[in-house]
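Input: a single structure, listed below in structure tokens.
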Amino acid sequence: METRQQGFLDSEPLREADEDMASEINLNNCLLTEEEREEIQQQLAKLEEEISTLRQVLSSKEKQHAELRQKLGVGSLSELRNNLSKGWHDMQTSTAYKKTSETISTAGQKTSVAFTTLGSAITRKFGDMRNSPSFKSFEEKVETTVSTLKTKVGGAETGGSFEEVLSSAANASSQDTPTNNLTDSSERP
């Protein structure tokens, strides 16, 4: 069975407790000579130094990478925009989105049909109501009242449009209002 070993950069740094435990295991499980032990410790120190150097190089390369991206105008905002765009596209192509979209579309169509049916029913009811004897009686009373108002406002003249009746009423009321001329214009200083 093959197991994948984790690299140095992938792992977290060792803590002192981990180092103590590792040295106890190594000492207890294998019998090393003093020379072998020193050689292994030298190799370990060398590896730790290389790891530190690689981290410094990686940090330098990341800084250089960021500077070059900044010069090209590729910043975190454009990355965010690209990520959002990709995420939106991925979402729209997902099965769940397609099913939801179809369901909403179907619901919208059914709602539209329901409102159309409701509108037709209301229109039919208003038509029925308008043809009812109660409404006809009400309509006649309104027509009589309007005709009476036209006669009173328009004087002996009957008929004419509503605008004409309003105009004649406005003329009649302006003739009844007293003027502000209390004195002759010749007497004014």
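The values are calculated or read from the model by the stated rules, or taken from the named source; none is laboratory data. As the structure is a computational prediction, the values presented were derived from the model and not from experiment. Note that each Cβ is placed from the backbone with ideal geometry, even for glycine, and that neighbours are counted across all protein chains shown. SASA here: full protein model, heavy atoms, side chains in, ligands and nucleic acids out. Shrake-Rupley method; radii C 1.70, N 1.55, O 1.52, S 1.80 Å.
Structural remarks
- Given R0 = 35 Å, the distance between the Cβ atoms of GLU34 and LYS63 translates into a calculated FRET efficiency of 0.20.
- Modelled spin-label separation between PHE126 and MET91, with each label point placed 7 Å from Cα along the Cα-to-Cβ direction: 4.1 nm.
- With the simple spin-label model, which puts each label point 7 Å out from Cα in the Cβ direction, the LYS98 to ALA45 separation comes to 6.4 nm.
- Listed values for segment 66-83 are Karplus-derived 3J(HN,Hα) couplings in whole Hz (6.51 cos²θ - 1.76 cosθ + 1.60, θ = phi - 60°), namely 5, 5, 5, 5, 5, 5, 7, x, 8, x, 5, 5, 5, 5, 4, 4, 5, 5, and x replaces Gly and Pro.
- Each of ASP128, ASP90 has its accessible area taken with a 1.4 Å probe; listed largest first, they run ASP128, ASP90.
- Note on LYS99: accessible area approximately 130 square angstrom, rounded to 10, probe 1.4 Å, nucleic acids and ligands left out.
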